[in-house]
């Protein structure tokens, strides 16, 4: 569920924010890349960067992950400022929209 919400958020943000361009397919592929890169970063850093306690460092690391995805995913282009804005928006969406099944 979180993947779908992130992909839709990426696509909507790309239509609204400057510095972000994404096709619908590019947004879905970018969401996969962001999930994989984010999983790898969390695996390397362990529990120290959990979603609940990552704060500003997590915000910046998410922006870096989004920027990296923009470099490797065709149909998803994002600059540094765009990555920061996308990270902020996705963080806000994650805090409001329930994305886990309990």
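The values are calculated or read from the model by the stated rules, or taken from the named source; none is laboratory data. As the structure is a computational prediction, the values presented were derived from the model and not from experiment. No Cβ is skipped: glycine too gets one built from the backbone with ideal geometry, and neighbour counts run over all protein chains shown.
Of all residue pairs spaced 6 or more apart or on separate chains, those with beta-carbon atoms under 7 Å, a first member in region 77-102 that is farther than 15 Å from residue 7 by Cα and a second member that is modelled with pLDDT of 90 or more are 80/67.
Looking only at residues of region 14-33 that are surrounded by fewer than 22 Cβ atoms within 10 Å (Cβ to Cβ) and touching a residue at least 60 places away in the same chain (Cβ under 8 Å), we find that the one that is nearest to residue 65 (Cα to Cα) is 19.
Residue count for region 3-12 satisfying the condition of being modelled with pLDDT of 85 or more and crowded, with 16+ Cβ neighbours inside 10 Å: 1.
The residue of region 65-102 that is farthest from residue 32 (Cα to Cα), among those that are at pLDDT 85 or above and surrounded by fewer than 16 Cβ atoms within 10 Å (Cβ to Cβ), is 81.
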